[in-house]
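Structure first, then comments.
The values are calculated or read from the model by the stated rules, or taken from the named source; none is laboratory data. Everything quoted here is computed from the prediction, not taken from an experiment. Here the Cβ positions follow ideal geometry from the backbone for every residue, glycine too, while neighbour counts run over all protein chains shown. To get the accessible areas, we keep the full protein, side chains included, count just its heavy atoms, and leave off ligands, DNA and RNA. Shrake-Rupley method; radii C 1.70, N 1.55, O 1.52, S 1.80 Å.
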Amino acid sequence: MSVQQYPVVVIGAGPVGLAAAAHLTERGLAPLVLEAGPSAGSAVRQWSH
């Protein structure tokens, strides 16, 4: 089985997780992004920055 056949999961849809997902997408992979909050960047919104 080649590496391309394994699923790729990114845990967290904050700035770092979304950047990782973007890099994986650029390389032709389709990552599954998991986020505990109701939407991407939930923790950042809670910080009120």
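Could you please tell me which pairs satisfy a Cβ distance under 9 Å, a separation of 6+ or placement on different chains, a first residue in segment 22-49 that is farther than 18 Å from V9 by Cβ, and a second residue that is polar (S, T, N, Q) and modelled with pLDDT of 90 or more?
Short answer, once both residue conditions are applied: R45/S39.
Determine whether segment 31-44 contains at least one residue that is of a type in the set (D, E, K, R) and modelled with pLDDT of 95 or more.
yes
Please go through segment 1-27 and pick out each residue that is open to solvent by 60 Å² or more (accessible area, probe 1.4 Å) and modelled with pLDDT of 90 or more.
Once the filter is applied, which keeps residues that are open to solvent by 60 Å² or more (accessible area, probe 1.4 Å) and modelled with pLDDT of 90 or more, segment 1-27 yields P7, V9, I11, P15, V16, L18, H23, T25, E26, R27.
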